[in-house]
Amino acid sequence: MTHIPAPAEQHLPGIDTRRSVTARRCAVRALRRVVQFSDIPFTAGALAMLVMWAAHTGPAWLTSANEWMLLLYGVLLYGANRFVDALVEGTIDLLDPDRWDGDVAYELALGLTELRADIDNGADIDDVLDSLRSSDLVPELLATLRAMAAGYLARGDEEENQRLLTAVLHLRNADQYIGYGSEMDALEAGGAFQKNSQ
């Protein structure tokens with residue numbers, strides 16, 4: 001018999017996803033603390049080993065060790081510290097839901113660099129300008145900066161909010177000169193600009 005989920009149950013996957021992301025962020029923060037303070041227990045262990053060796057107390061493998069063996073133990077302890085750090089950092093990379101946030105900016109910058117190289121090599125600048133006007137690139141950049149400004153304001157960072165809003169203003173003024181007038185007015189009136197399909 002096929003089970004038909006109740007309306008309330010249909011929202012559970014979204015809730016689970018949000019909870020999963022929150023749990024992963026908490027785990028990442030905890031693991032970063034582990035890396036941050038991992039030197040403390042390993043350093044304490046090395047000092048304790050040195051004190052026990054000097055006092056001839058503790059396990060036989062330590063009390064009977066010569067200076068070279070003691071040095072080897074110290075190197076092994078240091079290697080264990082670095083191994084734990086690398087293991088935890090690898091786990092952070094796997095768990096962090098925000099690891100790739102903002103990486104698209106590098107791709108956009110690379111694309112613009114290639115476009116500029118095309119212009120230097122004789123690309124039709126009228127076509128490039130038409131593409132710039134019709135691609136929504138600048139309005140989307142403006143809307144992104146606005147969203148970031150709102151995010152900083154929500155954090156209480158008024159200074160960063162004002163800096164980004166100033167950038168938005170300059171970007172809007174620049175776009176007026178490359179032909180985005182009506183689109184930018186639409187953006188000002190109602191958020192992200194939606195191009196009419198013909």
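We did not get these values from a lab; they are worked out from the coordinates using the rules stated. On a predicted model such as this, the values are computed, not experimentally measured, just so you know. Positions of Cβ are generated from backbone atoms using ideal geometry, with glycine treated the same way; all protein chains shown enter the neighbour counts.
For this structure, a couple of remarks:
- Length gained when the stretch residue 86-residue 115 is fully extended (0.36 nm per residue, less Cα-Cα span): 6.5 nm
- Kirkwood hydrodynamic radius of the stretch 38-87, Cα pairs, Å: 11.2
- Once the chain from residue 147 to residue 17 is taken as fully extended at 0.36 nm per residue, the excess over their C-alpha distance is 44.5 nm.
- Here the Karplus curve 6.51 cos²θ - 1.76 cosθ + 1.60, taken at θ = phi - 60°, turns the phi angles of the stretch 63-77 into couplings of 5, 8, 6, 8, 4, 5, 5, 4, 4, 4, 4, x, 5, 4, 5 Hz, with x standing for Gly and Pro.
- Gain upon complete extension [residue 108, residue 66; 0.36 nm per residue less C-alpha separation]: 9.2 nm
- Normalised by the number of residues in the stretch 130-181, the mean separation of alpha-carbon contacts (under 8 Å, six or more apart) gives a relative contact order of 38 percent.
- Positive-end residue of 111, 86, 121, charge dipole of the stretch 64-176 with Cβ unit charges: 86
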